[in-house]
Amino acid sequence: MNNTSKKNDKNIKASAFYMVGNLFNKALAFFTIPIFTRLLTTSEYGIAQTYLSWVSILTLIVGLSLGNSIRTAYVDFHDDIEGYMSSIFGLSLLSFLVSSALIIAGMFIFGNIDIILVICCLIQSYFQFVATAMTTKYMMKVDYIRKTLLLALPNLTIQVIAIFTIMNMHDGDKKYFGYIIPYAAVYMVVGIYFVISSFIRGKKPLNKLYWKYALTYSLPLIFHGLSLVLLSSSDRIMITNLYNSSEAGVYSLIYNLSMVAMAVTASLEAVWVPWFTRKLMTGEKSTINKNITKYLEIALVLMLCLMFVAPEIVKIMATKQYYSGIYMIPPLVFASYEMYMYTVYVNVEYYYKSTKYIAFNTIVAAITNIVLNFIFVPLYGGMAACFTTVISYMVSFLMHSKHSRKLDRELFPLKQFAVPTLIFIIAIIIAYLLMEFWIVRWIIAIVGFIFYAAYALLTKRFSNFLK
């Protein structure tokens with residue numbers, strides 16, 4: 001078997017493993033929805049989801065977004081990637097200790113917040129950063145087995161412990177703690193293992209050269225990361241504060257369901273990024289442009305099918321308290337597709353190390369989201385947040401595409417994104433018109449998927465894309 005065949009075989013295996021891991025995670029989250037929505041009130045569920053939003057924000061602050069530098073470090077310091085990993089873990093640990101001290105001190109001075117919540121949030125934030133950094137390293141190495149296990153096993157453990165913990169709490173207890181504490185505990189165990197083992201293997205926790213490299217690359221991405229988190233999580237926080245926590249619970253459920261298709265798209269991206277990097281390094285831009293159409297097409301089909309069948313899934317998986325959220329599904333699924341599209345351009349910006357513009361573009365989109373939420377969420381609740389999310393992600397897509405085209409005009413003509421976007425908008429209109437006719441929607445989704453799958457198999461479109 002020649003080297004090209006070996007790489008193709010490894011890519012296909014990696015795709016399959018990533019897909020299994022991501023689908024397992026999404027399926028686990030999906031099938032535990034009816035358990036948690038029955039064990040917790042909509043208010044408790046909303047608080048738990050809002051907590052996870054804060055974790056996403058603090059992960060970037062305490063970790064200094066250093067994990068983002070691993071992509072380029074894997075190229076620049078390939079022979080000493082273990083030393084580099086130990087270095088960013090050393091720097092991030094210092095940041096975590098300083099940030100935690102400041103946040104806890106500020107809480108006692110200015111706030112009246114539950115200390116247990118704050119400690120759990122800080123612990124989970126740092127060690128979640130560690131786990132994410134390790135998955136990035138495994139992705140660049142195409143170490144699909146370890147990456148898949150790291151995706152799946154902690155999440156499975158968390159869900160099992162959370163169900164057991166909540167079921168054994170009394171009605172008067174704050175049951176959302178039964179959901180929150182397992183997250184912090186499991187990530188702490190996993191994270192401590194990786195930090196210690198990295199220090200032992202890499203032996204360079206205080207390397208100034210690596211610290212300077214990581215900070216130069218990653219500091220602008222803190223603002224990018226925070227903006228991304230604000231784009232994806234600020235809705236829940238603002239709905240909780242500007243409307244009510246029950247509405248935040250409904251929105252969180254629909255948002256999580258709308259992201260189910262991302263299990264497959266994340267698997268594709270995990271293979272796409274190292275492949276794209278290699279092809280761009282060798283100047284094979286025509287090959288990249290040829291495959292981007294298929295890359296967008298696969299996600300389009302999956303997300304359209306999800307959009308058409310999701311209302312009934314909500315009715316099966318949740319109680320009547322959540323049924324009002326079915327009208328949130330079409331815009332939120334479209335938002336997830338917009339997210340998928342703009343990462344194509346962000347990958348170009350990463351390659352050319354244009355991190356300041358990545359941060360600036362995403363900040364503008366996040367501010368757009370926050371301003372629109374302040375105006376419309378108090379009036380229309382979660383439904384308003386759905387459409388403000390769509391608008392904000394579109395702003396992000398347009399800005400990233402414009403800057404990416406300045407960096408490299410030969411990559412990804414904008415017209416390649418126009419057709420799938422138009423198809424999605426038409427499908428949204430159809431989905432709303434058929435919202436009360438579930439049989440018609442399901443027939444469209446099932447028949448459409450079968451036709452696409454048959455077409456893909458006959459033309460070997462999917463296998464050729466992976467190769």
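Summary of computed values
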| quantity | calculated |
| --- | --- |
| Centre separation in Å (Cα based) which lies between segment 186-212 and segment 236-281 | 28 |
| Gained length - residue 278 relative to residue 408, 0.36 nm times residue gap less alpha-carbon distance | 45.2 nm |
| Rounded, prolate or oblate (a/c below 1.5 giving rounded, otherwise prolate when a/b exceeds b/c) for segment 312-467 by Cα gyration tensor | oblate |
| For residue 113, distant residues with modelled amide H under 5 Å away | none |
| Of 147/415; 315/402; 141/203; 204/356; 147/212; 353/415, pairs whose Cα-Cα distance is over 29 Å | 147/415; 315/402 |
| Rg and Dmax of segment 343-422, Cα atoms only, in Å | 14.4, 45 |
| Packing-based order for 211-217, 254-260, using average beta carbon neighbours within 10 Å, highest first | 254-260, 211-217 |
| Proximal aspartates and glutamates to residue 175, defined as alpha-carbon separation beneath 16 angstrom and excluding residues fewer than eight positions away on the same chain | 44, 114 |
| Lys/Arg +1, Asp/Glu -1 at C-beta; the chain dipole; positive extreme among 166, 304, 348 | 348 |
| Heavy atoms of residue 278: accessible area, 1.4 Å probe, square angstrom to 10 | 90 |
| Size-normalised alpha-carbon gyration radius of segment 42-134, reference 2.2 N^0.38 Å | 1.26 |
| GluC sites (Glu not before Pro) within segment 330-414: DSSP coil, no more than 16 neighbouring Cβ in 10 Å | 410 |
| Helix-only CD estimate at 222 nm, as mean residue ellipticity for the chain, using -39500 (n - 2.57) per DSSP H run (n ≥ 4) | -30000 deg cm²/dmol |
| Which of 239, 375 is most accessible, then next, and so on - probe 1.4 Å | 375, 239 |
| Gained length - residue 433 relative to residue 94, 0.36 nm times residue gap less alpha-carbon distance | 116.6 nm |
| Accessible surface, the chain, averaged per residue in Å² (probe 1.4 Å) | 44 |
| Computed P(r) (all Cα pairs; segment 163-254; 5 Å bins; percent) | 3, 10, 10, 12, 17, 16, 11, 9, 8, 4, 1 |
| Rg and Dmax [Cα atoms of segment 179-326; Å; Rg one decimal, Dmax integer] | 20.9, 57 |
| Average projected area [Cα convex hull, segment 23-91], square nanometres | 6.6 |
| D (Stokes-Einstein, µm²/s), Kirkwood Cα radius, segment 257-323, 1.306 mPa s at 10 °C | 113 |
| Packing-based order for 308-314, 447-453, 58-64, 91-97, using average beta carbon neighbours within 10 Å, highest first | 58-64, 308-314, 91-97, 447-453 |
| Residue order for 31, 412 - accessible surface, 1.4 angstrom probe, largest first | 31, 412 |
| Viscosity 1.306 mPa s, temperature 10 °C, Stokes-Einstein D of the chain from Kirkwood C-alpha radius, µm²/s | 69 |
| Relative contact order, percent, segment 247-393 [alpha-carbon distance under 8 Å, six or more residues apart] | 31 |
| Highest average packing first - 175-187, 362-374, Cβ atoms within 10 Å | 175-187, 362-374 |
| Segment residue 174-residue 102, length gained on full extension (0.36 nm per residue, minus Cα span) | 23.3 nm |
| At q = 0.19 Å⁻¹, base-10 log of I(q)/I(0) for segment 73-197 (Debye sum, equal scatterers on each alpha carbon) | -1.09 |
| Rg/Rg_globular for segment 399-461, with Rg_globular taken as 2.2 N^0.38 Å and Rg from C-alpha atoms | 1.59 |
| Protein accessible area in the chain, 1.4 Å probe - carbon and sulfur % | 71 |
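The values are calculated or read from the model by the stated rules, or taken from the named source; none is laboratory data. Everything quoted here is computed from the prediction, not taken from an experiment. All Cβ positions, even for glycine, are placed from backbone atoms using ideal geometry, and neighbour counts span all protein chains on display. Accessible surface is based on the protein model in full, side chains and every heavy atom, while ligands, DNA and RNA are left aside. Shrake-Rupley method; radii C 1.70, N 1.55, O 1.52, S 1.80 Å.
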